Amino acid sequence: MKRVHYGIYDDEEILLSAVKQLKSKNWNIKEVYTPFPVHGLEHALGYKHTRLSTASFIYGLTGLSLGMLMTWYMLIQDWPINIGGKPNFTFADNFTSFIPVLFELTIFCAAHGMVLSFLIVCGLFPGAKESNPIPETTSHLFAIELDDNNANAEEVNQILLSTKAIEVKTLERD
Amino acid sequence: MHIQESSYREPLIIGRKDYKQITDDVCKGVEGKPNKYWYIAFTISFLGLLWYIGCVSYTIGRGIGTWGLNRTVDWAWDITNFVWWVGIGHAGTLISAILLLFRQKWRLSINRSAEAMTIFAVICAAMFPIIHMGRPWLFLWVFPLPNQFGSLWVNFNSPLLWDVFAISTYFTVSLVFWYVGLIPDFATIRDRAITPMRKKIYRALSFGWSGKAKDWARFEEVSLVLAGLATPLVLSVHTIVSMDFATSVIPGWHTTIFPPYFVAGAIFSGFAMVLTLLIIMRKVMSLESYITIKHIEYMNIIIIVTGSIVGVAYLTELFISWYSGVEYEQYAFINRATGPYWWAYWSMMTCNVVTPQLFWFRAIRTNLTATFIISIFVNIGMWFERFVIIVTSIHRDYLPANWSMFHPTFVDIGIYVGSIGLFFTCFLLFARFFPVIAQSELKTIVKSSADHHKSNH
């Protein structure tokens, strides 16, 4: 069990300036819980930009390549079909009419691959237990979780209140 | 930090709404008991669904012969309904994806219900190709699966197969787009839940979302990239649906204008259906502060734009058929306007081209009753558009001996009307158990676009 301190705020602008103040005083912010995306928060916390969009691009390329492999194998290599006497014995001849399918497969893999990665990196799955200690942070409040840096509880609460927290809470957490 | 909007821009949230109030208003629909209108609507829709199940079962049991099809008109209401529903399913993704890319804040009050509508409309649509196969238990054959015949593969040159890929990609991508947006809102309901049962259900649905700063950053990135992927996807879907007709050699079908014309028509009919539903929903669920007259007006403007594109496309078709100098092509269009199906053609023209033009008047596009009536007209007109394209193009083919008319049977009518029951049953369940407004995302615009914040400056 470990003691954790929470500063609770009711406005995202106050929260953002609180984060900046705490950061400048070298306090260790463990986590910030917000009910909606707060612009600039990620930057203020010094997080690196997520690489999910790059991942999505790679998933898309994978989908495109697999689609090309599939259409080539099925309609050129394994069982070529003569449709209306149109040339069909090379991939290049048939490529134009494969474009819709290749396009859809690219989007399919890019979208689903990225969403699955998102769920995995955020640890989201059906049945996962939520970890926000203050339930109102999914509705209208904002909370900063602070490590006490070996300072005493009183000092941590004072610094949180000085950043215009409406309330401070100390909870025992694993 | 927040960007103040011009005070000339009308507010998108009316009344003194703080974050707590928005949560309360949105969760009220889930936490309270539905009123009597919900029960009445649900009973009627559910009876429609039962009728649908009956008629579909009868079709599967007895075969396609139960429909009014004949050897000349071998595609009729099934494909009409399919294209109609797919078109309706276009507004949701358009609102949430394209309007997100253009940073249109007004999308936030309506995107959730429009996306839900997309998903239910695509379910209704997808049922028609499956049941019209005659032997729907073999529907897996439309996918490129190894089989005992060779393997004999599907034909990747066929627009009907492109449709399979387009519709399944569209359905699954729309579904995850919708669900990713729902996760934080389910978490809100979970954290407010009083009964253990509700807590359990919404805990499972919310996937353990906790609202951490890093997760929100990822969430925003995923929403943006999904919007970027869904935008070309939504345009590709109706393009491919139009190619089912455009790549054929039937006069009246093989026109190169079809892809853009179908996409505009799809957005047109989709917005009409969104309006039909939202005008009722905002009233029944008292969401007038969030779905304002301004939202309705914005959608009506899109209806004028897309309705006019559709009107230009109708006239272009007529011109090109005359200009082509092809006798059969010319006859197809003269027959549409003056043949035995003239009433369908002129219903389409009136509903799709004439009535939306009334929205040029501000008094009409900000009037709820007028908007509701015109949106019903557009829904009807767009159904007639597909009926006109499909049935009138094939009912008089090259041999006059083959000329025929299409008469729907009670099964055709039952499946069509019943599919509306299926759609409304799904939508009413959604309105009862799901947060109908994307409240987490809506809260991001409170400071810039809400009434009381704007009037403070």
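Couple of notes before you dig in:
- Relative contact order (percent, whole number), the range B:169-235, Cα cutoff 8 Å, 6+ residue spacing: 39
- Take the convex hull of the alpha carbons in the range B:17-144; its mean projected area over all directions comes to 12.2 nm².
- Radius of gyration over Kirkwood radius for the range B:204-275, both on Cα atoms: the Rg/Rh ratio is 1.24.
- Separation of the range B:262-280 and the range B:119-139, taken as the distance between their Cα centroids, equals 22 angstrom.
- Extended-chain gain in nm, criterion 0.36 nm per residue less alpha-carbon gap, A:LYS23 and A:GLU172: 51.3 nm
- Cross-link reach is defined here as a Cα-Cα straight distance under 14 Å, omitting same-chain residues fewer than 8 places apart; for B:LYS283 the aspartates and glutamates meeting it are B:ASP25.
- Diffusion coefficient, µm² s⁻¹, Stokes-Einstein with Kirkwood Rh over alpha-carbon pairs of the range A:52-121 at 10 °C and 1.306 mPa s: 122
- Relative contact order of chain B, defined on C-alpha pairs under 8 angstrom at six or more residues apart (%): 35
- Rg/Rh for the protein assembly as shown stands at 1.02; both radii use Cα atoms, and Rh follows the Kirkwood definition.
- Its Cα gyration tensor gives the range B:76-198 an equivalent ellipsoid; the semi-axes, largest first and in whole Å, are 34, 19, 14.
- Distance between the range B:299-368 and the range B:398-457 - C-alpha centres, whole angstrom: 23
- Cubic angstrom per residue, convex hull over Cα atoms of the range A:1-105: 185
- Relative contact order, whole percent, for the range A:52-121 stands at 55, derived from Cα pairs under 8 Å and 6 or more residues apart.
- Longest exposed-site-free window of chain A, the sites being trypsin sites (Lys or Arg not before Pro) in a DSSP loop that have at most 11 other C-beta atoms within 10 Å: A:49-128
- If you take all other residues with their beta carbon under 12 Å from the beta carbon of B:VAL225, and give Lys and Arg +1 and Asp and Glu -1, the sum is 0.
- Shown for chain B is the translational diffusion coefficient from the Stokes-Einstein equation, using the Kirkwood radius over Cα pairs, a temperature of 20 °C and a viscosity of 1.002 mPa s: 91 µm²/s.
- Taken over the range B:43-94, the ratio of Cα radius of gyration to 2.2 N^0.38 Å equals 1.42.
- Net length gained if the chain between B:SER324 and B:LYS36 were fully extended (0.36 nm per residue, minus Cα distance): 97.9 nm
- With a simple spin-label model that places each label point 7 Å from the Cα along the Cα-to-Cβ direction, the separation between B:THR247 and B:GLN357 comes to 3.7 nm.
- Once the convex hull of all Cα atoms in the range A:76-174 is built, its volume per residue stands at 243 Å³.
- Residues in the range B:73-84 carry Karplus couplings, in order, of 9, 9, 10, 9, 5, 4, 6, 4, 5, 4, 5, 4 Hz; the curve used is 6.51 cos²θ - 1.76 cosθ + 1.60 with θ = phi - 60°, and Gly or Pro positions show x.
- Of the chymotrypsin sites (Phe, Trp or Tyr not before Pro) in the range A:83-127, those whose Cβ has at most 15 other Cβ within 10 Å and which sit in DSSP loop: A:PHE89
- Nearby aspartates and glutamates by direct alpha-carbon distance to B:LYS28 (threshold 20 angstrom, same-chain neighbours under 8 apart not counted): A:GLU136, B:ASP18, B:ASP185, B:ASP191, B:GLU288, B:GLU441
- Coarse-grained scattering of the range B:233-325 at q = 0.13, 0.14, 0.19, 0.23 Å⁻¹, given as base-10 log I(q)/I(0) from a Debye sum over alpha-carbon atoms: -0.56, -0.62, -0.89, -1.10
- Anisotropy class of the range B:300-410 from Cα gyration tensor, a/c 1.5 cut: oblate
- Spin-label model, B:TRP343/B:LEU160: points 7 Å from Cα along the beta carbon direction are separated by 3.2 nm.
- Greater than 26 Å apart at Cα, pairs in A:LYS30/B:LYS105; A:LYS25/B:LYS17; A:LYS20/B:LYS214: A:LYS30/B:LYS105; A:LYS25/B:LYS17
Every number here is computed from the coordinates shown, using simple stated rules; none is lab data. All figures in this text were calculated on a predicted structure; none of them were measured in a lab. Note that we place each Cβ from the backbone using ideal geometry, even for glycine, and neighbour counts take in every protein chain shown.
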